[in-house]
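I have placed the structure first, in the form of structure tokens, so that the comments after it can refer back to it.
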Amino acid sequence: MNKVEESYRSRYDYFYFLMATDNLVEFQSLAKNTLDMEDLLKMETLKSPDLTIEECKALKGEELFLKMSHVTFKCRMLSVQTIINSVLCLESLINDYAVTKFSQSYFDKHFKRLSIASKYIIVPQLALSKSFDKSQQPYKNLKDLIKVRNNLVHSKSKSFNNSQSISEALINTIVHVRRTRKHYDTIKLILTEFISLDPEYEYFNIYKMFFKGESETNNMDHFWSSLIAR
């Protein structure tokens, strides 16, 4: 009698989800422990692109500027990593869903060349006869997240004068602090909607546990669970 070998599915969506979570945890800790609200409010008043040379020199000597210079690169790096891994998670999720609902050959022939956003409309519609509502927030946030990711991976170099460089750094730091969590939360928005569309799909179960704050899979820190279960 031939022994049936047990098989496993590789979960790239889950892998990217864990990386995005790890990136976000580090990002939020850095932002929280380095830039307080008073700093952020002061940065808002300093982000004029019309600072004089004397004002630029004075600003570079301020404690806030030195603190901001130290944290800006790290904040931006972690923000970019969070955003890119969030998109990779959602792209892998819909690809894997399509393969399990149809087949690898069917996916390669009919879905492979579709955009991520299009897959989230077409694949559930064919598999379930229902799909994401384009007018609702989950799908809107997905489109926004993908747009941000595309701008990051297809960015172009820019030239700045001294004043513009300071202003750009200030603006980018403020923007990343405010938006990174929102982009990460798109994972939960999409998955919550997806689970409502197909509650019996077994590969959603690990996310269900995370959203309830119950998962300890792979010895993950409870903070990761509490971060997502809000």
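The values are calculated or read from the model by the stated rules, or taken from the named source; none is laboratory data. All of these numbers come straight from a predicted model, not from anything done at the bench. Here Cβ is always computed from backbone atoms with ideal geometry, including for glycine, and neighbour counts include all displayed protein chains.
General remarks:
- Scanning region 125-148 for residues that are of a type in the set (A, V, I, L, M) and under 19 Å from the mean Cα position of the chain (by Cα) yields L142, L145, I146, V148.
- Here R113 meets the list (1) in a loop (DSSP other than H, G, I, E, B); (2) within 26 Å of K182 (Cα to Cα) almost entirely, failing just condition (2).
- The number of residues in region 183-203 being of a type in the set (D, E) and within 19 Å of the chain's Cα centre (by Cα) comes to 2.
- Condition met for K208 (assigned to a helix (DSSP H, G or I), modelled with pLDDT under 90, basic (K, R) and on the phi < 0 side of the Ramachandran plot): yes
- All of A117, A127 fail the test of being more than 17 Å from L90 (Cα to Cα) and surrounded by 12 or more Cβ atoms within 10 Å (Cβ to Cβ), apart from A127.
- Among the residues of region 100-117, just one is of a type in the set (G, A, S) and within 18 Å of T192 (Cα to Cα), namely A117.
- Residue within region 132-139 that is at pLDDT 95 or above, of a type in the set (D, E) and surrounded by fewer than 18 Cβ atoms within 10 Å (Cβ to Cβ) present: yes
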